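Here's the structure, in structure tokens; my notes come after.
The values are calculated or read from the model by the stated rules, or taken from the named source; none is laboratory data. These numbers were taken from a predicted model, which means no experiment stands behind them. Cβ coordinates were reconstructed from backbone atoms using ideal geometry, including for glycine residues, and neighbour counts include every protein chain displayed. Quick note on the areas: whole protein, heavy atoms, side chains included, nothing else; ligands and nucleic acids left out. Shrake-Rupley method; radii C 1.70, N 1.55, O 1.52, S 1.80 Å.
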2 protein chains.
Amino acid sequence: MLDIKPDPYIALCPSRQIIAVIGDKWSLLVIPLLLEGPMRNAELMRAIEGISQKMLTQTLKRLEEYNLVIRQDYGEVPPRVDYRLSPLGLSLAQVIGTLDNWVIENFDAMTQTQKQA
Amino acid sequence: MLDIKPDPYIALCPSRQIIAVIGDKWSLLVIPLLLEGPMRNAELMRAIEGISQKMLTQTLKRLEEYNLVIRQDYGEVPPRVDYRLSPLGLSLAQVIGTLDNWVIENFDAMTQTQKQA
DNA sequence: CTGGATCCTCGATGATACTG
DNA sequence: CAGTATCATCGAGGATCCAG
């Protein structure tokens, strides 16, 4: 087995790309949302205020590519499709959830006394 | 005390802005770096391959605004300035470090079998 | 309902040059 | 060394229309 650790501090290391995927504004919101269970396109649109259809689709697609989200198409008509976390995605969601919570908890501290003259 | 929790899922909530700050590509790299101790501009430039002077400055400035990083100017000449994590930043760095490590650990899983036809 | 394809704009980012 | 200012570019992202 390889023991070459990816190092995002090196410009060419693909792991930096991953950081970009995860650090993505919308991914950071979509992933924890799916902790609550499978969601459909329209549901996600409603849950995440301000996201455009385009970005949602794009985000989901990318998350699927990286094995974080599973897209399930029921092949019905009218179309029914939902998205859920893969095991890998679930694992990541925990971490991101922690991050989100940190933000929520420390929001005041971050914004207060900003440059208190 | 207020008990109104910030909710990044609401478009207008300022917490979303915070998510953006933290989720930022460069912030995600700078913050954990400072865990190793105070660093100077040039050091950071060297440590983070590919970052431009402009983005580094901009990133540091923003982190300082949000009370995550402390900028110390020794007022010497030639100029000597270094940056270190604030207590708040230190706390955040732990979380982000976890995220980064997750990426490093699960890098293979994310990229392997991508669309294994 | 899901989401693909287009057009268009604006802002983020990099490169460069300059100052203290 | 630290940092600002300027310019030019490129691509992210939104709005819209269309289709299965």
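Go through the residues of the range B:92-113 one by one and say whether even a single one is away from DNA strand C (no atom under 16 Å from the Cβ), closer than 25 Å to A:LEU12 by Cα, out of contact with any Gly (no Cβ under 7 Å at 6 or more places or on another chain) and not in a helix (DSSP H, G or I).
yes
Could you please give the count of residues in the range B:46-66 that are open to solvent by 50 Å² or more (accessible area, probe 1.4 Å) and closer than 12 Å to B:SER27 by Cα?
Final tally of qualifying residues: 5.
Residues B:VAL21, B:VAL95, B:VAL77: which one is crowded, with 16+ Cβ neighbours inside 10 Å and free of Cβ contacts under 8 Å to residues at least 40 places away in the same chain?
B:VAL95
Would you say A:VAL69 is hydrophobic (A, V, I, L, M, F, W, C), open to solvent by less than 20 Å² (accessible area, probe 1.4 Å) and away from DNA strand D (no atom under 16 Å from the Cβ)?
Spelling it out, A:VAL69 is indeed hydrophobic (A, V, I, L, M, F, W, C), open to solvent by less than 20 Å² (accessible area, probe 1.4 Å) and away from DNA strand D (no atom under 16 Å from the Cβ).
Which residue out of A:LYS5, A:LYS25 is closer than 30 Å to B:VAL30 by Cα and more than 13 Å from DNA strand C (Cβ to nearest atom)?
Within the list A:LYS5, A:LYS25, the selection yields A:LYS5.
Would you be able to say whether some residue in the range A:67-74 is in contact with a Pro (Cβ under 6 Å, 6 or more places away or on another chain), under 21 Å from A:MET39 (Cβ atoms) and within 16 Å of DNA strand C (Cβ to nearest atom)? Spell out the reasoning first.
Step one: of the range A:67-74, the residues in contact with a Pro (Cβ under 6 Å, 6 or more places away or on another chain) are none.
No; the residues of the range A:67-74 include none that is in contact with a Pro (Cβ under 6 Å, 6 or more places away or on another chain), under 21 Å from A:MET39 (Cβ atoms) and within 16 Å of DNA strand C (Cβ to nearest atom).
Going through the range B:9-18 one residue at a time, which ones are out of contact with any Asp or Glu (no Cβ under 7 Å at 6 or more places or on another chain) and open to solvent by less than 10 Å² (accessible area, probe 1.4 Å)?
Residue satisfying the conditions is B:ILE18 alone.
Among the residues of the range B:36-46, how many are aliphatic (A, V, I, L, M) and away from chain A (no Cβ under 13 Å)?
The number of residues fulfilling the criteria is 1.
Please state which of the following conditions B:SER27 fails to meet, knowing it meets all the rest: (1) within 21 Å of B:LEU85 (Cβ to Cβ); (2) open to solvent by 60 Å² or more (accessible area, probe 1.4 Å); (3) more than 7 Å from every other protein chain (Cβ to nearest Cβ).
All conditions pass for B:SER27, except number (2).
Are there any helices (runs of 4 or more DSSP H) wholly within the range B:1-75 with 1 or more residues that are under 20 Å from B:VAL103 (Cα atoms) and touching a Phe, Trp or Tyr at 6+ places or on another chain (Cβ under 7 Å), and if so which?
B:14-23, B:27-33, B:41-47
Could you grab me the full set of residues in the range B:80-90 that are open to solvent by 50 Å² or more (accessible area, probe 1.4 Å) and within 8 Å of DNA strand D (Cβ to nearest atom)?
B:ARG80
Name the single residue, out of those in the range B:47-66 being within 14 Å of another protein chain (Cβ to nearest Cβ) and near DNA strand D (Cβ under 9 Å from one of its atoms), that is nearest to B:VAL21 (Cα to Cα).
Step by step, filter the range B:47-66, then rank; the result is B:LYS61.
Can you find even one residue in the range B:1-12 that is of a type in the set (Val, Ile, Thr), within 30 Å of A:LEU33 (Cβ to Cβ) and modelled with pLDDT under 85?
Looking through the range B:1-12, at least one residue is of a type in the set (Val, Ile, Thr), within 30 Å of A:LEU33 (Cβ to Cβ) and modelled with pLDDT under 85.
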